[in-house]
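K.L.:
Starting off with a structure, shown below.
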């Protein structure tokens, strides 16, 4: 209800503010007997962590997740799995200059108006720091999905007006290797270099820039997703739009598909395995989802991120008293959010698929 | 859980298949003492009804909603408000030719695989006929919102590659008049004519085409929306992506915004009314929402619809036995879905805003 | 949220007022391919129907449920299953005398205060007529459970100070036969006669009397139920307390168990089948549930109903203007509600067990 | 879904096992600007804490709750309020003797069957230690309710066959004083002494005994509660039945009321304040709730606790291999749970009322 939970069966609730004691997450509904690999959780958190490279914020936080419950002798027990990530590098003093000013295109004004109180330190709850909790939960979801042969890949497909060509491989392991070879996390090496140079120039200019992340989900069994309101792509859309700075979502043919005609857009069914339960389609404009339900093809979607609102330039704004004032970004901020957001996109996708996997089971396992 | 409900406090549950006895909806959580205008409900349903013009399906259905409960002496009572719309023009025979064939880019295959059974008549539950129930519920939500000075406007802003210019008016009454002056429901008369001619040519060619709907919501009070997962735009995205044939959603600056830089994208606060609780922004790239919460500016978003999958041409496909076969669209279908979908977009937007209005009240009315 | 839905996965939402157009129910989350036996649904409704015998209300309503959706060729499709029961015998005039008076121990005053409006005809939504919708939904749940070998039995175990002896059979078919042999629905014939005579004398005196219903659920597999808040008995308690006129619930040893000592109350495990997954207990003070989760033994519980509030005598009360006035019951009311409530208790128990069956599956079917 | 959350708007999720790292709770939906009194939270936890007196377990745990989020400068912010209580006195070795034995009338067998894995140390998640998290959350709910003039009182009204007389005061402050004057927490001094002596004798005999807790809620405004399934007493019942060891719940006249006749049971309305919105009733068999909705009178209910299952005597049981074995309670256990459960009953009642307060607001604050 108050917006801090996600999922129906595999359900997470996150808590914590940017400069409070800690952030964290409870997963409720995680099946028992899933092996927990804390090194994997950490490697996922490390992909989101600040201070990774010259094109991300220089803040230092180790972002170490501690499991408080729900795991016994290395396996999940079916009980709520709670993880806490302490806030180390709080430097609250950095934020005194914004205590009573509304930063443009941030959530300061809306939180103040909604709640009549706000923790202004680092954006408080509206800070993207909260997404670390999602990444930790996403790592558990990924472990569950991997057991079922489901794998998720996302990469930076666009920065500003730079757009990567279509992926040249359908092998997720290979794609991950290509992506992790560069600091912008684009699976196309030439485009990656272009993006890195561009972000670096933007950073030096004290400015920021938006970008796009594209994703593939492989191995989703036919049947996941629900009709009408909880279509698989509707839940993916909500998951992605809930990530800080996201302004757009499309799946399959997306906005471009709305310019097409039915005769070219329809995905023709074929039966290469001669198995009526394993059909494929010649094209995949449907993005792996038909009528809201997975059809066994790759699920594909794309997410648009606006430019980071905190810039290192002076901007006019209004303070809590309603007076005109000026504000200049201080501290350590990202010139472009997408390289660190790749793992967040994957985490949220994993949470959606895990939840739909369990939802699907609930009324289909009955003999 | 099973996907047929939407909303947390103002919560609807729809039921019914295209060729069953009836479709309908229960609204639970509607506040009491809202005056119910059955003529208004009907006028909304008439905008979605088949058989409106030469560019929509020629099926005839009167789509009359009957209220079964929750209204007493013309006002809501706070009890569940149930509405039923009988299915009149069922012509089940039209569908015998698809009984065991999977129509390309429809939900036939996924429903059969998920449930092991499906009502194949007219697509059963996956038919867009179900959206009539949403429109009826949306009419009640609009009545509730109108009491609070909140108004919603959507129109067809794109068909195929044709794109309407930006709106020239900010007055919703005026925009509605311009939109209802033409059968494609585009508020720009010149573009409307172009769209109508194009759809008509597509129809004659036995083909279909996609399109786009743009929307504005005015009068939303500052503070609606929740942090983290239930951001106002995340719930709008889910609502829109749950409409049949929708493949993309963006709000505010959307995908285009992801190409911009922070210095041009940030919305500068101003205080024209000299009221610290009624700030405005000079630009509105934020689309009226910051940190997931309404900031009092117009909420703007855009929705992409794929071309209708049923075309009047022969296509190759697979049947339930896994054999290759052919299929040709029969019956009466829309060449382009967007003219009839405008009121569905508005209805779903109204349901999202009504729900967030009540959610916001729940913990803010406390003295 | 607004209180008209029950269940998480097998979820029902009821609607309708006593003297409105119709009452009804949507079941969302019913698994597909359950055979629907409309005669069975009707036979269940007939057990709750008014006008059955001299000790129930003499109102006549045929209470015929019409299925509007979710069933195709005699089987559930996994889509929402909607049922409507028209209100036939409305006689609204019977209620003009209570239009602005608050009947003692009814919901008139609280509904008026809560909503500022109420459908006073026959109690509107607060009428026990709403439970017919639950019985119809319960019939579907029972069909699902019967497929899994789960069976529910309830009977009238107490009326006023009359208390039936413990059941002499553990065979549900036999118990049902004994119960249906008499109009008070007590499985002990001698006690049944005593109860019938007592209720008849109460009725002649223009008064009413309370009673108790006891229930057994057989065949529930080990593992159903959830920890902490959604213990199986906690959900049974909520389900029973939500039935009109219920004032108390106990399971297993109940209130009497709170007077016992651990050494006599503990249920000793034994392994008669030499199967470590099919243990039994020598006693069953736990009522088939340990730690909120079914242990495979019979689930037992008991429900207390207050006397019907409408009596055929003059009572002092207050009207909407706050003035003292008098009121006398008119029309056709039950002198004792328990004979008709037996099937409601069974229906609600079936809904709880069906829901927990599907919930349990959701995270345990994962391979 | 997985059972570790409670409430719809004021919603808590607890986590943690008896001998894990920590237990804790997230409150989501707490209104902003509630002053947080950590001393009060602690004083509540101290009432549940082990080691209080000779009639409770001698385990020592300081049970200190640490707030991790959701509070800024002493006030709630509307963000998730997370609290963690570290587990200090773990002594896991105490439990090695039960590692593969099913303790009679505990949850060992059902957890093992349901999940295929269990944290056997101290009962893991099924331990009543989890209720400390509820007490911490209940303290926040009580602070919210106190602002609205709502107060809750519970005390031990029965131990074994000993039953306290009816309360002699209607003043909650006075009742609290009387209750806290003795270690069994019964507001009647003479009965308290009798109870203490009896529990002490039971303890010396290595046995345990059940008991009963009675509660009053004062100041609940007319209108709280929802119709049909979420009646205020239905949610209270679920809340109480979810407390470890509870086997029965009744409100108002309860089971005794089911033996009465309508003419004596009906609560006659009066209007002593000459205010049509502040009626009272001459009697209160309705327990302050009519049709599921508070009527402004005191809400009264009673809860039955079975005897603690762990006794200091040898009992026969079965181990995980299905073999017959013996078990003897070790360690430090309560001979009677009710003195420590009083504050748990109050906490759960506070959570129910707080949730219904916010639910009621959600659709009634609309102008």
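The values are calculated or read from the model by the stated rules, or taken from the named source; none is laboratory data. This structure is a prediction, so every number in the text was calculated from the model and none was measured. All Cβ positions, glycine included, derive from the backbone under ideal geometry; neighbour counts span all protein chains shown.
K.L.:
So which residues in region D:192-208 are in a helix (DSSP H, G or I) and under 20 Å from residue D:311 (Cβ atoms), if there are any at all?
P.N.:
D:195, D:196, D:197, D:198, D:199, D:200, D:201, D:202, D:203, D:204
K.L.:
Another question, then. Can you give me the number of residues within region D:6-25 that are over 23 Å from residue D:148 (Cβ atoms) and crowded, with 24+ Cβ neighbours inside 10 Å?
P.N.:
8
K.L.:
When you look at residue B:359, is it crowded, with 24+ Cβ neighbours inside 10 Å, touching a residue at least 60 places away in the same chain (Cβ under 8 Å) and in contact with a helix residue (DSSP H, G or I) (Cβ under 9 Å, 6 or more places away or on another chain), yes or no?
P.N.:
yes
K.L.:
Identify the residue in region C:193-217 that is surrounded by 13 or more Cβ atoms within 10 Å (Cβ to Cβ) and without any contact (Cβ under 8 Å) to a residue 24 or more places away in the chain and, among all such residues, is farthest from the chain's Cα centre (by Cα).
P.N.:
For region C:193-217, the residue satisfying everything is C:205.
K.L.:
Only one of these is over 14 Å from the mean Cα position of the chain (by Cα) and at the interface with another protein chain (Cβ under 10 Å from one of its Cβ atoms): B:231, B:238. Name it.
P.N.:
Only one candidate qualifies: B:231.
K.L.:
Now a separate question. Given the structure, is residue D:62 crowded, with 18+ Cβ neighbours inside 10 Å and without any contact (Cβ under 8 Å) to a residue 60 or more places away in the chain?
P.N.:
Answer is no for this residue.
K.L.:
For region C:288-328, give me each residue that is within 19 Å of residue D:305 (Cα to Cα) and assigned to a strand (DSSP E or B).
P.N.:
Listed by number, the residues that qualify are C:289, C:290, C:293, C:294, C:299, C:300, C:301, C:302, C:303, C:304.
K.L.:
Quick one: is residue A:335 at the interface with chain B (Cβ under 7 Å from one of its Cβ atoms), in contact (Cβ under 8 Å) with a residue 40 or more places away in the chain, in a loop (DSSP other than H, G, I, E, B) and more than 30 Å from residue B:309 (Cβ to Cβ)?
P.N.:
no
K.L.:
Taking region A:107-121 as the region of interest, how many residues are more than 7 Å from every other protein chain (Cβ to nearest Cβ) and assigned to a helix (DSSP H, G or I)?
P.N.:
3
K.L.:
Restrict the check to region C:103-111 and report whether at least one residue is touching a strand residue (DSSP E or B) at 6+ places or on another chain (Cβ under 6 Å), touching a residue at least 40 places away in the same chain (Cβ under 8 Å) and surrounded by 22 or more Cβ atoms within 10 Å (Cβ to Cβ).
P.N.:
yes
K.L.:
Also: Can you find a residue in region C:265-287 that is part of a loop (DSSP other than H, G, I, E, B), more than 7 Å from chain D (Cβ to nearest Cβ), crowded, with 22+ Cβ neighbours inside 10 Å and modelled with pLDDT of 95 or more?
P.N.:
yes
K.L.:
Here's a follow-up. Hey, does region A:116-127 have a residue that's under 26 Å from residue B:270 (Cβ atoms) and in contact with a strand residue (DSSP E or B) (Cβ under 7 Å, 6 or more places away or on another chain)?
P.N.:
Checking region A:116-127: at least one residue is under 26 Å from residue B:270 (Cβ atoms) and in contact with a strand residue (DSSP E or B) (Cβ under 7 Å, 6 or more places away or on another chain).
K.L.:
If residue D:214 satisfies every condition in (1) more than 7 Å from chain C (Cβ to nearest Cβ); (2) in a helix (DSSP H, G or I) but one, which is the exception?
P.N.:
Unmet for residue D:214, out of (1) more than 7 Å from chain C (Cβ to nearest Cβ); (2) in a helix (DSSP H, G or I): (2).
K.L.:
Listed residues D:225, D:248, D:262; which is over 30 Å from residue D:328 (Cα atoms), crowded, with 24+ Cβ neighbours inside 10 Å, facing chain C (nearest Cβ under 7 Å) and at pLDDT 95 or above?
P.N.:
Just a single option satisfies the conditions, and that option is D:262.
K.L.:
Right, something else. Give region A:68-92 a look and list any residue that's in contact with a helix residue (DSSP H, G or I) (Cβ under 7 Å, 6 or more places away or on another chain) and either at the interface with chain D (Cβ under 7 Å from one of its Cβ atoms) or closer than 28 Å to residue D:118 by Cβ (or both), or say none.
P.N.:
A:77, A:78, A:79, A:81, A:83, A:85
K.L.:
Restricting attention to region A:297-314, which residues are farther than 23 Å from residue A:211 by Cβ and either at pLDDT below 95 or within 8 Å of another protein chain (Cβ to nearest Cβ) (or both)?
P.N.:
A:314
K.L.:
Kindly indicate whether any position in region D:177-191 is touching a residue at least 24 places away in the same chain (Cβ under 8 Å), over 19 Å from residue D:299 (Cβ atoms) and part of a helix (DSSP H, G or I). Break it down stepwise before answering.
P.N.:
Here is the first cut: in region D:177-191, the residues touching a residue at least 24 places away in the same chain (Cβ under 8 Å) are D:179, D:183-188, D:191.
This time we only want the ones that are over 19 Å from residue D:299 (Cβ atoms), so: D:183-186, D:188, D:191.
If we keep only those that are part of a helix (DSSP H, G or I) as well, we get D:191.
Yes; the residues of region D:177-191 include at least one that is touching a residue at least 24 places away in the same chain (Cβ under 8 Å), over 19 Å from residue D:299 (Cβ atoms) and part of a helix (DSSP H, G or I).
K.L.:
Now for a different question. Could you check residue B:20 against (1) touching a strand residue (DSSP E or B) at 6+ places or on another chain (Cβ under 9 Å); (2) more than 7 Å from every other protein chain (Cβ to nearest Cβ) and say which number it fails?
P.N.:
(2)
K.L.:
Let me ask you something else. Restricting attention to region A:88-106, and to residues there that are assigned to a loop (DSSP other than H, G, I, E, B) and closer than 22 Å to residue A:63 by Cβ, which single residue is modelled with the highest pLDDT? Give the steps one after another, and end with the answer.
P.N.:
Restricting attention to region A:88-106, the residues satisfying the condition of being assigned to a loop (DSSP other than H, G, I, E, B) are A:88-91, A:99-100, A:102-106.
In the following step, the residues that additionally are closer than 22 Å to residue A:63 by Cβ were identified as A:88-91.
Details: A:88: 84, A:89: 65, A:90: 61, A:91: 57.
This residue is A:88.
K.L.:
Sticking with this one: Name the residue, out of D:152, D:183, D:117, D:172, that is surrounded by fewer than 21 Cβ atoms within 10 Å (Cβ to Cβ) and in contact with a helix residue (DSSP H, G or I) (Cβ under 7 Å, 6 or more places away or on another chain). Even if it seems obvious, please write down each step before you answer.
P.N.:
Values: D:152 fails: surrounded by fewer than 21 Cβ atoms within 10 Å (Cβ to Cβ); D:117 fails: in contact with a helix residue (DSSP H, G or I) (Cβ under 7 Å, 6 or more places away or on another chain); D:172 fails: in contact with a helix residue (DSSP H, G or I) (Cβ under 7 Å, 6 or more places away or on another chain).
On inspection, the qualifying residue turns out to be D:183.
K.L.:
A follow-up question, please. Within the bounds of region A:29-38, is there any residue that is at pLDDT below 95, surrounded by fewer than 23 Cβ atoms within 10 Å (Cβ to Cβ), outside any helix (DSSP H, G or I) and on the phi > 0 side of the Ramachandran plot?
P.N.:
Let us first name the residues in region A:29-38 that are at pLDDT below 95, namely none.
No, every residue in region A:29-38 fails to be at pLDDT below 95, surrounded by fewer than 23 Cβ atoms within 10 Å (Cβ to Cβ), outside any helix (DSSP H, G or I) and on the phi > 0 side of the Ramachandran plot.
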